[in-house]
Amino acid sequence: MIIAANWKMNPPLDVAGSLATAFNSVSLQPVKRILFAPHPYLTTISARLGRGEVQLGGQDCHQDAAGAHTGDVSAGMLRDCGASIVLLGHSERRANHGETSALVAAKARQALAHGLDVMICLGETEDERQAGQAEQIVIDQLRVSVPGDMSQDRLMIAYEPVWAIGTGEVASLDDIATMHNAIASELPKTHSGKVAQPVPILYGGSVNAQNAADILALDNVDGGLVGGASLDAEAFASICYSARAQLSKS
Ligand code: PGA
């Protein structure tokens with residue numbers, strides 16, 4: 001079980017520091033926690049987290065190792081600032097920065113070359129779901145976004161229906177289960193990388209303290225990627241407790 005906080009372009013530094021300290025002050029093992037923090041805060045948050053249980057990640061990286069890319073951040077820089085994982089292909093980056101699945105794969109290769117783990121986001125828009133194309137879109141994104149030869153023990157997938165992100169609208173448990181099963185059965189077909197363990201598949205999109213237990217109880221749901229609720233230490237901890245309770249049942 002993995003519960004990841006995606007802070008996006010939030011909050012101000014003083015709040016971020018206290019939140020990180022709050023995350024660090026409880027032990028939630030064996031639940032694995034990840035914090036995707038804004039890039040300028042990584043060094044500060046890394047110092048706050050120290051050698052605790054929370055893994056620190058960046059929210060994007062460039063596909064090149066270095067060069068004339070004003071405003072971009074390289075995988076090596078993330079690593080230098082204390083990150084050991086990067087979130088790639090979030091739908092906000094795909095929509096706001098025109099990122100394609102091929103670009104996401106190039107970024108993933110760069111991240112891997114710098115020793116970072118990679119969490120790749122997939123998800124259909126509302127129109128695509130209404131048109132009955134959700135599964136095809138997500139599987140196509142999966143096939144192209146994940147480098148075919150990447151070692152699967154460095155990879156995590158987050159399924160996040162675009163229409164469920166930040167809207168309070170959650171996909172139905174049936175729809176989540178169907179999509180996670182489709183992703184889980186596609187992964188071994190499309191990726192020849194070394195399989196040390198199954199690739200974790202997280203659900204994201206309005207996960208909160210109230211709905212987490214039901215979502216995390218589904219087959220092939222190995223955790224949650226949490227935006228809004230991760231800006232509240234208690235709500236985030238409560239989601240992590242649901243994950244821990246689920247682990248003790250299974
Ligand atoms: P949300 O965001 O939990 O606020 O819906 C999830 C995400 O975008 O990762």
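The values are calculated or read from the model by the stated rules, or taken from the named source; none is laboratory data. This one's a predicted model, so the numbers in the text were calculated from it and none came from an experiment. Because the Cβ atoms are built from the backbone with ideal geometry, glycine has one as well, and the counts that use them run over all protein chains shown.
Scan the range 43-54 and give yes if some residue there is more than 16 Å from SER145 (Cα to Cα), among the hydroxyl-bearing types (Ser, Thr, Tyr) and either surrounded by 20 or more Cβ atoms within 10 Å (Cβ to Cβ) or touching a strand residue (DSSP E or B) at 6+ places or on another chain (Cβ under 7 Å) (or both), otherwise no. Within the range 43-54, one or more residues are more than 16 Å from SER145 (Cα to Cα), among the hydroxyl-bearing types (Ser, Thr, Tyr) and either surrounded by 20 or more Cβ atoms within 10 Å (Cβ to Cβ) or touching a strand residue (DSSP E or B) at 6+ places or on another chain (Cβ under 7 Å) (or both). Any residue in the range 175-185 that is of a type outside the set (Gly, Ala, Ser), surrounded by fewer than 19 Cβ atoms within 10 Å (Cβ to Cβ), more than 16 Å from the ligand (Cβ to nearest atom) and at pLDDT 95 or above? The answer is yes, given that some residue of the range 175-185 is of a type outside the set (Gly, Ala, Ser), surrounded by fewer than 19 Cβ atoms within 10 Å (Cβ to Cβ), more than 16 Å from the ligand (Cβ to nearest atom) and at pLDDT 95 or above. Among the candidates ALA158, ALA212, the residue that is closer than 19 Å to LEU88 by Cα, crowded, with 21+ Cβ neighbours inside 10 Å and within 15 Å of the ligand (Cβ to nearest atom) is uniquely ALA158. Candidates SER91, SER84: the one that is more than 16 Å from the ligand (Cβ to nearest atom) and over 23 Å from LEU247 (Cα atoms) is SER84. Among the residues of the range 220-231, are any part of a loop (DSSP other than H, G, I, E, B), farther than 24 Å from ASN24 by Cα and modelled with pLDDT of 95 or more? Checking the range 220-231: at least one residue is part of a loop (DSSP other than H, G, I, E, B), farther than 24 Å from ASN24 by Cα and modelled with pLDDT of 95 or more. Within the range 3-23, being surrounded by 18 or more Cβ atoms within 10 Å (Cβ to Cβ) and either small (Gly, Ala, Ser) or free of Cβ contacts under 8 Å to residues at least 60 places away in the same chain (or both) holds for ALA4, ALA5, ALA16, ALA20.
Is there a residue being away from the ligand (no atom under 14 Å from the Cβ) and crowded, with 20+ Cβ neighbours inside 10 Å anywhere in the range 217-230? Full working, then the answer.
Residues of the range 217-230 away from the ligand (no atom under 14 Å from the Cβ): 217-222.
From what's left, crowded, with 20+ Cβ neighbours inside 10 Å: 221-222.
Within the range 217-230, one or more residues are away from the ligand (no atom under 14 Å from the Cβ) and crowded, with 20+ Cβ neighbours inside 10 Å.
Just one of the listed residues (ALA5, ALA47) is among the small types (Gly, Ala, Ser) and in contact with a helix residue (DSSP H, G or I) (Cβ under 7 Å, 6 or more places away or on another chain), and it is ALA5.
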